[in-house]
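Just so it is clear, none of the values below were taken in a lab; they were calculated from the coordinates. Predicted model, so just to flag it, every value in this text is computed and none were measured. Counting neighbours? That spans all protein chains shown, and the Cβs are built from the backbone with ideal geometry, glycine included.
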Amino acid sequence: MRIIAHLVFLLTLTLGAALQSQNLQVVQRHEYGLLARTQGKQVLFMAGSPEQMGAAHGALLSRQVQQVSPRTMSLVAAAYCFGKGEWFYDKIEEILRRSQPHTPQRFIDECLSMGKAAGIGERDALCLNFFPELFHCSGVALRGKASLNGEIIHARVLDYMADINLQKYTALQVYMPEDYNNWVSVGYAGFMGTVTAMNDKGLAIGEMGGKGEGDWDGMPMSFLMRDIMERAETVREALQIFRETPRSCEYYYVLSDKSGDMAGVYATPEVLEVLEAGQQDARLPKVPEDTVMFSAGERAKKLSERLHQHYGKITPELMIEIIKRPVAMKSNLHNAVFKPASLELWFADAGIGKPACDMPYAKVNLNRLIEFYQENK
């Protein structure tokens, strides 16, 4: 197993003005959603059926969705063609053909509804949401003796093509689907799945990509993570969904929940391995007690070194320092820190020429976000 990942830790932050309590302001309303701003970030709220949530997403972020597709996707396609020598859109068509039968219909319906409301074609809407199967990213979680107060601190670093300026279209997405868990995603205009998320039951997850491009006869990773957010309440329930679901490619995940449970997951279409807190693996540097960690190469060594150096004293402020370069890469697109017990989330996006780890963090609380929507819809 090649471990390709950075981190998902579990933290508590208070970083002065950059991490003040959320101060939400309504920007625009929709019958099934709301667009707001807080601390310089946009927050997209969606509620109802898949079609209704998709319509709200597309209408409230229509101009941004139109910029992401096809303009930003063209940059992704060019980078892929240059690096691989293969035509990007042929691969997307293959991914759609092979993975769509394993994707819950509610996600497809929402995607098509979003595209229609945003004024882009069905093919472009689907392309936006299936292309992550071509690319792969990073995680860590700690608790008990590892953190200052024994609390779970879950940090996630996403290293991915910051130079295509996807950070211009960031949107913290709050999903309130009928008959499923409410949840929040550090996401982007037009994207329905997730790679960084937490639900209102206190379950958090981050993803790290591996190899296995071409193993697309399963549910796409970003939709599998969304399915877990909407249907699972605990780490153990999430692991059961992993076991029962046809999976694609090779990915690594770090999960945590409000009870203090956590796990690392290595998943391919054929294999599912679970690493418990403190479990050692020959392919990783030494993992501290009460910690789950995935990373690769020199980044993994530096991450392990910093964790051991600050063991038992780790706070949110310290975690922000721990995940800075060289643990994060130059391509660091976004970072997130979860506190599942209190449903708090801190997140940062890349700036112009600056990785996310060097940018200010915003702080929100999922319960408060949901209350805000109910008060202002």
### Query
When the label point is put 7 Å from the Cα of LYS168 along its Cα-to-beta-carbon vector, which residues of region 34-68 have a backbone N closer than 11 Å?
64, 67-68
### Task
Taking amide H positions as placed in the peptide plane 1.01 Å from N, state which residues far from THR196 in sequence (5 or more) or on other chains have amide H under 5 Å from it.
VAL186
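Taking 8 Å as the Cα distance limit and 6 or more residues as the minimum spacing, I'd like the relative contact order of the chain as a percentage.
On the way: 949 pairs, mean separation 88.5, N = 377.
Reported relative contact order: 23 percent.
Normalise the Cα radius of gyration of region 295-377 by 2.2 N^0.38 Å (N = residues in it) and let me know the number. Display every interim value, and only then the final one.
Details: Rg = 15.2 Å, N = 83, 2.2 N^0.38 = 11.8 Å.
Cα Rg divided by the expected 2.2 N^0.38 Å: 1.29.
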### Task
Express in % the proportion of alpha carbon pairs of the chain at distances exceeding 38 Å.
10 percent
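List the residue ranges in the chain for DSSP H helices whose C-alpha atoms run 30 angstrom or more along the long axis and whose Kyte-Doolittle average is 1.0 or above.
Working: long enough: none.
None clear 30 Å together with a mean of 1.0.
Charges only on Cβ, +1 for Lys and Arg, -1 for Asp and Glu: so what's the dipole of the chain about the Cα centre, in debye to the nearest 20? Display every interim value, and only then the final one.
Details: 40 positive and 44 negative charges, 231 e Å.
It comes to approximately 1120 debye.
What does the charge dipole of region 185-317 about its Cα centre add up to, to the nearest 20 debye, if the Cβ of each Lys and Arg holds +1 and the Cβ of each Asp and Glu holds -1?
Values: 15 positive and 22 negative charges, 86 e Å.
Dipole of region 185-317, to the nearest 20 debye: 420 debye.
Quick check on the chain: helices-only [θ] at 222 nm, where DSSP H runs of length 4 and up contribute -39,500 (n - 2.57) each and the sum goes over total residues. Nearest 500, please. Working shown, then result.
Details: 11 runs with 115 residues, N = 377.
It comes out at -9000 deg cm²/dmol, rounded to the nearest 500.
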### Query
Label LYS313 and LEU272 with points 7 Å out from Cα along Cα→Cβ: what is the distance between them in nm?
4.1 nm
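For a quick protection proxy, order the peptides 256-269, 153-166 by their average other-Cβ count within 10 Å, most packed first. Write down the numbers at each step before the final one.
Values: 256-269: 21.9, 153-166: 24.0.
Highest to lowest by the protection proxy: 153-166, 256-269.
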### Query
Mean separation of Cα pairs under 8 Å and 6+ residues apart, divided by the residue count of region 119-210: what relative contact order is that in percent?
26 percent
### Query
Of GLY202, GLY312, GLY40, which is the most mobile in a GNM of the chain whose springs link Cα atoms less than 10 angstrom apart?
GLY40
### Query
Between THR234 and ASP90, what is the FRET efficiency for a Förster distance of 51 Å, r being their Cβ-Cβ separation, to the nearest 0.05?
0.80
